[in-house]
Amino acid sequence: MSNMFAILCFFLVLFPFAAGIVCWAVGRGGCVAADRLAQLSSTLVFVGCLALSQCVGGSLSLPGVLGLGLSFQLDGLRLVLCCLAGFLWMMTTLFTPEYLAGKAKNNRYYLFLLFTLGSTLGVFLSADLYTTLVFFEIMSLSSWVLVAQSETPAAIKAADSYLAFAILGGLSTLMGLFLLYQQLGTLTISELAAAAAAVSDKRLLYVAGAFTAGGFAAKSCVFLVHTWLPGAYTEAPTPATALLSGIITKAGIFGLFALSGQLFLHDAGWGLAVLLFAVATMAVGALLALFSTELKRTLAYSSMSQIGFILVGAGMQGLLGEENGLAVWGSVLHVMNHSLIKLCLFLVAGVVVMNLHKLDLNDIRGFGRGKPVLMIAFLLGALGIGGVPGFSGYISKTLLHESIVEYIGVLETAGQSAGLFHAIEWIFLISGGLTVAYMTKLFVTLFVMKHPTRQAEFDALNGHYMSKLATVVVAVSALPMLVLGVLPHYTMDKVAALCQDFFGSEGPEHTIAYFSLTNLKGAAISIVIGALVYLVVVRCVVYAKGEYHNRLPRWLDLEEMLYRPLVLGVLPFVGALVARVAGSVMEWCIALCNGVLMWRATPTINPRSDDTFCAYEPHSRRMPSFSSSLSFGLMLFGFGLVSILVYLLFF
């Protein structure tokens, strides 16, 4: 089994890199062979991911590679994440040639698409946090190119933001790993819990954990480090957006799971901190999605909100301690559900974009009328993410909700106040209601409303708005929401049980009655809230006078109001001030030394300068703006950091 795992591990991590280079070379002349090669490569990788099911428990160590060595391991959680990655890459790559038809530099897209696949699988198979970080950074840099693929000013700006968070987050995680290794002497994920238990003073351990979580949280678009999300999701090609939302964010979630489920196993303090960030992410993302008036931007904020739901489970794991089976199952299953649902929804969005080249809801309303495959696929995705009973999202959200209710019962039984957690429960239900409201907004816009001037043009596309292959891809992507939701005990329970060992959990104490009146009540509350919000807020505030209006106040845009002014204004000013002070000090020192050493020297005569003479350069020197050079500067910073690490490791 070990030999088979080693072979599959090398294949899954290295083959996509080789295939990407071949696709790039083949596609330089615009040859369609690059499309077929990319589709074949991603399909082979998915088959390889399925073959990993025969290697659970396998491990691979490569000592000495990059100094500390690389190590890989396979358990249930890693298997599920790899299979999800392989499936999403296969489906999006099958869809991609039609979406990118007629566009430039498709060979570059395939190159970095497959690079991102190999590095993402490297993250999911990693056995220690050092290996995780190595592949995490490769994944970040390669996916950055996907965001900038169109090379429009908006895409470059979005890529700048994405890369800034990726590199600064990576530096944060690197610092955290330095501190963790100093305190624990190991970065192996399965050894973190035992090593942390032996630490008496946990304060520095919390600091190390917070730094380590920084990069993972940024990739997962947790609140306060989420601002790269709307721009990147909107500007990237839609198949790449499906991967960003569906699986690349899960690389960050994997890192956060390693911290919450291993390093801070059953730690109530860490769990509460994660829970508070999760609640903010969940609620803010849902609110932003509700008021958004663009298709992909709404789905982007929806992804942020659903990441918050997942992290609610991660936080509850620490608070519930050894009885955290509901929280473990809920968080793991919502990872799977969100990946599959967003694959479906973004593929539908891709069909809209490749036909209309528009994203504004006012421009695309009515496009889906008379297109049953598109409508059913989107409806299944919307019902799934809305937590409607009978669909996959309902199962995972029910488990997460019940974990909060369980902890409220624990506190009340112990005679402690549970007011905070009653509030968290209601925020959870209201966020679920907002999800129902904004998904209803999108469905009604696409499939119920009529465009005031172009509806006849949209109707004329019926029957030939996407190819047969794209139709199959969209239809297949929609099926899991129904199958998983109707047969949870035969499907989702088995997946959750497979993953629970990663968190040291034994699962729920009894079989979950998903469709009991108690559990249905929570879903009903969210659906009623969603209906009211849609009727009152969406129909009366967001949609007024026959069109959608952006009602979001400008101060909610943290990137434009805080981060960019800080990076582009305050930090350069501080740097210039420090440089000026340092230069002045040197000038004073030189003047002082000159006065001391030359005080007896004969005075010299300086010739009078000629004000009428000056030298001209053949070309003007125009300093590039900081915003246009941000990506390049950050890339150089990243390469410099790698050089320093190589020096530290080998010299």
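The values are calculated or read from the model by the stated rules, or taken from the named source; none is laboratory data. Since the model is a prediction, treat every value here as computed from it, not as a measurement. We place every Cβ from the backbone using ideal geometry, glycine too, and count neighbours over all the protein chains shown.
Odds and ends about this structure:
Condition check ((1) modelled with pLDDT of 95 or more; (2) of a type in the set (G, A, S); (3) crowded, with 24+ Cβ neighbours inside 10 Å) across all residues:
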site	(1), (2), (3)
Q262	no, no, no
L272	yes, no, no
V279	yes, no, no
I310	yes, no, yes
G315	yes, yes, yes
N324	no, no, yes
V332	yes, no, yes
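- Helices (runs of 4 or more DSSP H) contained entirely in segment 315-423, each with at least 2 residues that are closer than 27 Å to K103 by Cβ and of a type outside the set (V, I, T): 325-356, 361-364, 372-385
- Candidates L68, L60 - the one that is in contact (Cβ under 8 Å) with a residue 12 or more places away in the chain, farther than 29 Å from N337 by Cα and part of a loop (DSSP other than H, G, I, E, B): L68
- Here the condition is being surrounded by fewer than 18 Cβ atoms within 10 Å (Cβ to Cβ) and not aromatic (F, W, Y); of A34, A127, A104, it holds for A104 alone.
- Listed by first and then second residue, the pairs linking a residue in segment 536-550 that is touching a residue at least 60 places away in the same chain (Cβ under 8 Å) to a residue that is in a loop (DSSP other than H, G, I, E, B) and of a type in the set (K, R), with Cβ atoms under 7 Å apart and 6 or more places separating them unless they lie on different chains, are V542/R551.
- So P508, is it in the same structural domain as S339 (by TED's automatic domain parsing), over 30 Å from L290 (Cβ atoms) and either in contact with a strand residue (DSSP E or B) (Cβ under 6 Å, 6 or more places away or on another chain) or crowded, with 21+ Cβ neighbours inside 10 Å (or both): yes
- Hits in segment 1-48 - residues which are outside any helix (DSSP H, G or I) and touching a Gly at 6+ places or on another chain (Cβ under 8 Å): M1
- Condition met for Y563 (within 31 Å of the chain's Cα centre (by Cα), surrounded by 15 or more Cβ atoms within 10 Å (Cβ to Cβ) and either modelled with pLDDT of 75 or more or of a type in the set (A, V, I, L, M, F, W, C) (or both)): no
- Pick from segment 133-191, criterion acidic (D, E) and crowded, with 21+ Cβ neighbours inside 10 Å, ranking: nearest to S119 (Cα to Cα): E137
- Considering (1) at pLDDT 95 or above; (2) under 20 Å from D501 (Cβ atoms); (3) of a type outside the set (K, R), the lone condition that S59 does not fulfil carries the number (1).
- Among residues of segment 105-138, those that are without any contact (Cβ under 8 Å) to a residue 60 or more places away in the chain and part of a loop (DSSP other than H, G, I, E, B), counted: 1
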